[in-house]
1. Before we move on, is Arg32 closer than 19 Å to Tyr165 by Cβ and loosely packed, with under 15 Cβ neighbours inside 10 Å?
2. For the list (1) in a helix (DSSP H, G or I); (2) buried (at least 16 other Cβ atoms within 10 Å of the Cβ), I need the number of the one condition that Thr186 fails.
3. Taking Leu136 as meeting all but one of (1) of a type in the set (A, V, I, L, M, F, W, C); (2) farther than 29 Å from Val76 by Cβ; (3) at pLDDT 85 or above, write down the number of the exception.
4. Please enumerate the residues belonging to region 158-180 that are among the aliphatic types (A, V, I, L, M), under 20 Å from Cys225 (Cβ atoms) and surrounded by fewer than 20 Cβ atoms within 10 Å (Cβ to Cβ).
5. Residues that are surrounded by 15 or more Cβ atoms within 10 Å (Cβ to Cβ), out of contact with any His (no Cβ under 6 Å at 6 or more places or on another chain) and modelled with pLDDT of 90 or more: does region 11-23 have at least one?
6. Answer yes if at least one residue in region 200-213 is modelled with pLDDT under 90 and not in a helix (DSSP H, G or I), and no otherwise.
7. Does Gly45 satisfy being surrounded by 14 or more Cβ atoms within 10 Å (Cβ to Cβ) and within 27 Å of Gln183 (Cα to Cα)?
8. Please go through region 35-57 and pick out each residue that is touching a residue at least 12 places away in the same chain (Cβ under 8 Å) and not hydrophobic (A, V, I, L, M, F, W, C).
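The values are calculated or read from the model by the stated rules, or taken from the named source; none is laboratory data. A quick note: this is a predicted structure, and the numbers were derived from the prediction, not measured. Methodologically, a virtual Cβ is constructed for each residue, glycine included, from the backbone with ideal geometry; neighbour enumeration extends over all protein chains shown.
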Amino acid sequence: MGQMFTDSLVSAFFLIVGGDRELWSVVFLSLRCTFLACCGAALTGVPLAFLLVNHVFPGKRLVILVLNSLLALPTVVVGLFLYVLIARRGIFGPLDMLYSPTAITLGQMVLILPLIAMLSYTAFSRLDSRCRETALTLGASAWQANKTVLREARFAMVGAVCAAYGRGIAEVGVSMMLGGNIQGYTRTMTTAMALEYDKGAFTLSLGLGLVLLLVSFVLNIALGCFQGKLDP
């Protein structure tokens with residue numbers, strides 16, 4: 001068993017450095033879908049968090065409770081609900097999104113939206129409440145005051161996006177249910193790893209696993225560099 005693992009690991013390394021077409025097509029699809037999902041979730045979640053912190057409205061506590069509950073939502077549940085919506089007989093069936101990279105991106109966006117929203121909410125809540133008021137008092141417009149708050153919370157924002165990216169790229173359920181794991185079209189790193197493992201083909205699975213670990217490592221390094229916590 002140890003020899004088989006070693007041989008598979010070496011073969012996986014040569015797949016990566018050799019530019020294996022199948023492996024890297026899966027990697028680039030995963031990176032692209034998760035990147036787009038993070039962009040969409042950030043553009044929605046950050047303003048929502050800002051609204052929750054700075055405004056009082058009926059149902060605010062319910063919204064926060066729902067978002068907190070969705071943090072622990074299993075990925076297969078997200079996949080199931082979205083499948084019902086975008087399937088051929090679903091409400092959005094005419095858009096023909098099922099079993100496409102668009103469906104994977106949408107699923108990941110729904111999955112990580114609560115994470116970005118609540119991490120951003122926590123970051124904004126910890127800021128001095130006088131930050132925005134002081135900016136307004138000094139003559140800043142509402143937009144400029146909001147930019148000041150965002151600038152103060154920028155480190156937490158980057159951390160939230162990195163955490164969301166890590167969760168999105170590592171999930172399996174949504175990608176499998178909405179993408180269908182179609183070779184050369186909707187196969188992501190995690191779904192390909194699951195399939196290759198079932199087939200007993202450990203080389204590609206290990207190669208994708210190594211790339212996934214590398215992505216996680218790069219995210220943490222990038223976050224550390226941004227926050228200035230790494231030694232020069």
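1. Against the criterion (closer than 19 Å to Tyr165 by Cβ and loosely packed, with under 15 Cβ neighbours inside 10 Å), Arg32 qualifies.
2. Failed condition: (1).
3. Checking Leu136 against (1) of a type in the set (A, V, I, L, M, F, W, C); (2) farther than 29 Å from Val76 by Cβ; (3) at pLDDT 85 or above, the one that fails is (3).
4. Initial filter on region 158-180 (among the aliphatic types (A, V, I, L, M)): 158, 160-161, 163-164, 169-170, 172, 174, 176-178.
Narrowing further to those that are under 20 Å from Cys225 (Cβ atoms): 158, 160-161, 163-164, 169.
Val158, Ala163, listed by residue number.
5. Checked against the condition, which is being surrounded by 15 or more Cβ atoms within 10 Å (Cβ to Cβ), out of contact with any His (no Cβ under 6 Å at 6 or more places or on another chain) and modelled with pLDDT of 90 or more, region 11-23 yields no hits at all.
6. yes
7. Taking the combined requirement at face value, the residue does not satisfy it.
8. Gly40, Thr44, Gly45, Asn54, listed by residue number.
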